[in-house]
Amino acid sequence: QVQLVESGGGLVQAGGSLRLSCAASGSVFRINAMGWYRQAPGKQRELVATISFGGSTNYADSVKERFTISRDNAKNTVYLQMNTLKPEDTAVYYCNAVVQPAFKPYESNYWGQGTQVTVSS
């Protein structure tokens, strides 16, 4: 079994910064793509940023130039540095990972429990 545990959410004023972390633990052989998604009240979950095992990144247009995704493969951890936060960034942020479990020939998709980010105006 694989678990993803997020941390780093909270309340911040507009223009401020937060850093989210997500650590994978359990029966992990290799973590391929990792990413962050978010869901605001009344809206669908949307992609924020993804990063491949080799470090290639992809961002939603709304967060380009403000957010940076990175990962530490040795720690099975992905980060999201969020700068110049706006009230519209308020949402529950979810970590996602495509994991090949130990001793398994296939990948599975895992989600964290979510962490609340609230940006006040």
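Largest mean-square fluctuation among 11, 20, 85, in a Gaussian network model of the chain whose springs join Cα atoms under 10 Å apart, belongs to 11. When the P(r) of the chain is calculated, the portion above 22 Å amounts to 30% of the C-alpha pairs. Here the accessible area of the chain is 49 percent carbon and sulfur, with a 1.4 angstrom probe and all protein chains present.
The distance between label points at residue 25 and residue 116 comes to 2.4 nm (points 7 Å beyond Cα on the Cα→Cβ vector). Length gained on full extension, residue 43 to residue 7: 10.7 nm, using 0.36 nm per residue less the C-alpha separation. Entry comment: accessible area of the chain is 53 Å² per residue, from protein heavy atoms only and a probe of 1.4 Å.
Straight Cα distances below 15 angstrom link residue 86 to the aspartates and glutamates 61, 65, with same-chain residues fewer than 8 positions distant left out. Partner lysines whose Cα lies under 28 Å from the Cα of residue 75, excluding those fewer than 8 positions away in the same chain, are identified as 64, 104.
The values are calculated or read from the model by the stated rules, or taken from the named source; none is laboratory data. Since we're looking at a predicted model, the values are computed, not measured. In this analysis, Cβ positions are derived from the backbone assuming ideal geometry, glycine residues included, and neighbour counts consider all displayed protein chains. Just so you know, the surface numbers come from the protein's heavy atoms only, side chains and all, with ligands and any DNA or RNA stripped out. Shrake-Rupley method; radii C 1.70, N 1.55, O 1.52, S 1.80 Å.
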